[in-house]
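The values are calculated or read from the model by the stated rules, or taken from the named source; none is laboratory data. None of the values given here were measured: they were computed from a predicted structure. A quick note on method: Cβ atoms are made from the backbone with ideal geometry, for glycine too, and the neighbour counts reach across all protein chains shown.
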Amino acid sequence: MQKLAAELRHRELTQEIYNIGDEVAEYIEHLVEAVRDYDGELATDCLAEFDEIVVDARNDSRRIVGELIGLRQALTSGVRAGLLSAAASEDNRLPEPELLDARGLAELHPTSEVPLALHDMAQALEDRTELVVEHLTELVDYVLQQTELVARDLDAVSLPHLFARTGHLVTAAGQGWLESVPGAHPAFARTMHGTHPPEFLAERARIDRIVAKVAAKKATRGFAS
């Protein structure tokens with residue numbers, strides 16, 4: 001009975017590791033959508049939300065991994081029908097994405113070295129934006145892959161370190177885009193804003209409507225009683 005309880009708890013905690021990685025990846029994707037829509041204000045809000053998520057992820061993952069290490073000694077079989085008990089292969093690891101910031105964007109897609117035609121300026125700013133989108137998308141894949149490594153093998157990666165490093169890379173890219181595109185060329189960003197409305201905002205609005213509807217029904221029932 002004690003072993004069964006340990007196995008159930010192990011599965012629960014392993015799923016929590018996946019959930020943490022999914023949440024961090026989701027908030028990076030929110031930033032991706034804001035950048036793709038050239039929405040500097042929303043991107044700023046997404047970075048603030050992401051920072052809070054990273055703090056929680058580091059604290060929660062530290063607690064969960066610590067408990068899992070203690071449980072591991074009591075377990076003789078893995079979870080998910082043995083899938084997660086297998087050690088992660090070094091060959092399957094994605095390389096850590098490099099740092100991309102405002103300086104890197106300016107060097108890769110310069111706008112001030114020589115006078116540029118309006119079309120060339122716009123192209124450079126679009127290229128900066130696309131590069132940031134690609135970079136952040138790589139970070140989403142990286143976080144999910146590294147999180148799965150830990151779910152399979154607790155010794156593979158330090159999750160608190162992973163989330164701290166990811167936070168630094170995401171913030172550098174997001175702030176770099178804010179400085180080098182909407183910050184440096186606000187008129188261009190305003191022109192491009194609205195071309196790719198973020199899907200997560202529509203989903204949040206849908207959830208808010210459901211919550212408000214449920215709350216209204218509860219209030220009506222309470223008044224009637």
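I'd like the full set of residues that are in a helix (DSSP H, G or I) and either of a type in the set (Gly, Ala, Ser) or within 12 Å of Tyr38 (Cβ to Cβ) (or both), limited to segment 114-135. Even if it seems obvious, please write down each step before you answer.
If we filter segment 114-135 for residues that are in a helix (DSSP H, G or I), which is where we start, we get 118-135.
Hits for segment 114-135 are Ala122, Ala124, Leu125, Glu126, Arg128, Thr129, Glu130, Val132, Val133.
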Test: residue in segment 170-182 that is of a type in the set (S, T, N, Q), crowded, with 23+ Cβ neighbours inside 10 Å and under 12 Å from the mean Cα position of the chain (by Cα): no
Test set (1) touching a residue at least 12 places away in the same chain (Cβ under 8 Å); (2) surrounded by fewer than 19 Cβ atoms within 10 Å (Cβ to Cβ); (3) more than 13 Å from the chain's Cα centre (by Cα) - Asp39 fails condition number: (2)
Test set (1) loosely packed, with under 14 Cβ neighbours inside 10 Å; (2) charged (D, E, K, R); (3) under 30 Å from Gly70 (Cα atoms); (4) in contact (Cβ under 8 Å) with a residue 60 or more places away in the chain - Glu199 fails condition number: (3)
Among the candidates Ala205, Ala219, Ala172, Ala215, residue that is in a helix (DSSP H, G or I), touching a residue at least 24 places away in the same chain (Cβ under 8 Å) and either in the same structural domain as Gln123 (by TED's automatic domain parsing) or not hydroxyl-bearing (Ser, Thr, Tyr) (or both): Ala172
